[in-house]
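These notes are about the structure you will find just below.
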Number of protein chains: 2
Amino acid sequence: MPKPERHVLVCLNARPPGTPKGSCAEKGSEALFDRLKSLVRERGLGSRVIVNRTNCLKHCSRGIAVAVQPDNVWYAGVTPDDLGELCDAHLREGRPVERLLMPDIPWE
Amino acid sequence: MPKPERHVLVCLNARPPGTPKGSCAEKGSEALFDRLKSLVRERGLGSRVIVNRTNCLKHCSRGIAVAVQPDNVWYAGVTPDDLGELCDAHLREGRPVERLLMPDIPWE
């Protein structure tokens, strides 16, 4: 692939069960990451978009956290049902998904 | 911290010893990641820069690979000796370190 147009970062940080602020892994981010990678390929974006897993993106209580670079757009509470729209609107057409945007709160 | 100005991604992908193209972990990326996180704090950038570890950034043979977003600047062959300049020139002042730039080759 050429240099990616977009770089998607999915938080896979895990915390022990019962941690008050929770973690993205606890909310299913491993499966979400796998699904997003598949979807990017299925929708023909594999040569334009790279998807990576990361450690903590510092929004544990609002996970699953996802960042899309170089747009510096951060998403909160992403679920598998959101991934189709994320691919089509943002990753293909460059239009961020407004309803998923991280609120303007401090990074934890 | 407020929304980060810059988002640094360090590849920590590991491959079995002897894999022809090598891996960033084999080249010491775990220690590099830890050192960069410390340095970002020491140099007063902790409230402006977030440093994350990722899985494969697709430049195994040119590791250690590091990406700096939202600049979409990718670096190759980063060593611990480069981190001071990376912090001061790029992360603080926004001037990419030219000598470390990833060559314009396909992502692996």
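Give or take rounding to whole Å, what are the principal axis extents of the alpha carbon atoms in the protein assembly as shown, in descending order?
Cα spread of the protein assembly as shown along its principal axes, largest to smallest: 42, 38, 32 Å.
With both bridge residues required to lie in the protein assembly as shown, what share of the DSSP beta bridges run antiparallel, to the nearest 5%?
On the way: 17 of 29 bridges.
If we restrict to bridges inside the protein assembly as shown, about 60 percent are antiparallel.
Step through the residues of the range A:30-41 one at a time and calculate ³J(HN,Hα) from phi using the Karplus curve (6.51 cos²θ - 1.76 cosθ + 1.60, θ = phi - 60°), rounding each to whole Hz and writing x for Gly and Pro.
Once θ is set to phi - 60°, the couplings for the range A:30-41 become 5, 5, 4, 4, 4, 5, 5, 4, 5, 5, 4, 5 Hz.
Across all directions of projection, what mean area in square nanometres is found for the Cα convex hull of chain B?
Taking a quarter of the hull surface, the average projection is 6.4 nm².
Please tell me which of these pairs span more than 27 angstrom C-alpha to C-alpha: A:Lys37/B:Lys21; B:Lys3/B:Lys27; A:Lys3/B:Lys3; A:Lys21/B:Lys27?
Details: A:Lys37/B:Lys21 23 Å; B:Lys3/B:Lys27 31 Å; A:Lys3/B:Lys3 25 Å; A:Lys21/B:Lys27 35 Å.
Table pairs above 27 Å Cα-Cα are B:Lys3/B:Lys27; A:Lys21/B:Lys27.
What aspartates and glutamates sit close enough to B:Lys58 to cross-link, taking a C-alpha to C-alpha distance under 19 Å and skipping anything fewer than 8 places away on the same chain?
Within reach: A:Glu5, A:Asp34, B:Glu26, B:Glu30, B:Asp71, B:Asp104, B:Glu108.
Taking Cα pairs under 8 Å and at least six residues apart, what relative contact order does the range B:31-108 come out at, in percent?
In percent, rounded to a whole number, it is 29.
Once amide H atoms are built 1.01 Å from N in the peptide plane, which residues 5 or more positions from A:Cys24, or in another chain, come under 5 Å H to H?
A:Asn13
For the range B:79-94, in order, what is each residue's ³J(HN,Hα) by Karplus, 6.51 cos²θ - 1.76 cosθ + 1.60 with θ = phi - 60°, in whole Hz (x at glycine and Pro)?
In residue order, the calculated couplings are 10, x, 5, 8, 5, x, 5, 4, 5, 6, 7, 8, 6, 8, 10, x Hz.
Which distances, in nm and shortest first, link the A:Gly18 label point to the same label point in every other copy, taking 7 Å along Cα→Cβ?
Computed spacing set for this position: 4.4 nm.
Mind listing the label-point distances from A:Pro103 to the same position on all other copies, shortest first, one decimal in nm, points 7 Å along Cα→Cβ?
5.0
If amide hydrogens are placed 1.01 Å from N in the peptide plane, which non-local residues have theirs closer than 5 Å to the one on B:Tyr75?
B:Val66, B:Ala67, B:Val68, B:Met102
Along the range A:4-17, what does the Karplus equation 6.51 cos²θ - 1.76 cosθ + 1.60 (θ = phi - 60°) give for ³J(HN,Hα), rounded to whole Hz, x for Gly and Pro?
Per-residue couplings from phi come out as x, 6, 9, 10, 9, 10, 10, 6, 10, 5, 10, 10, x, x Hz.
A:Gly46 label points, 7 Å along Cα→Cβ, one per copy: pairwise distances from this copy to the rest in nm, shortest first?
Spacings between copies for this position, smallest first, are 4.3 nm.
Can you give the % of DSSP beta bridges in chain A that are antiparallel, to the nearest 5?
Approximately 55 percent, going by the DSSP bridge assignments.
Would you mind checking which residues have amide H under 5 Å from B:Trp107's amide H? H placed 1.01 Å from N; only 5 or more apart, or other chain.
Correct list: A:Lys3.
List the Cys residues of chain A that have no partner Cys with a C-beta closer than 4.7 Å.
Within chain A, the cysteines lacking a partner Cβ under 4.7 Å are A:Cys56, A:Cys60, A:Cys87.
Using Cα pairs under 8 angstrom and six or more residues apart, how large is the relative contact order of the range A:1-64, in percent?
Value for the range A:1-64: 52 percent.
Just so you know, all these numbers are worked out from the coordinates, no wet-lab data involved. Owing to the predicted nature of the structure, the values given are computational and were not obtained by experimental measurement. In this analysis, Cβ positions are derived from the backbone assuming ideal geometry, glycine residues included, and neighbour counts consider all displayed protein chains.
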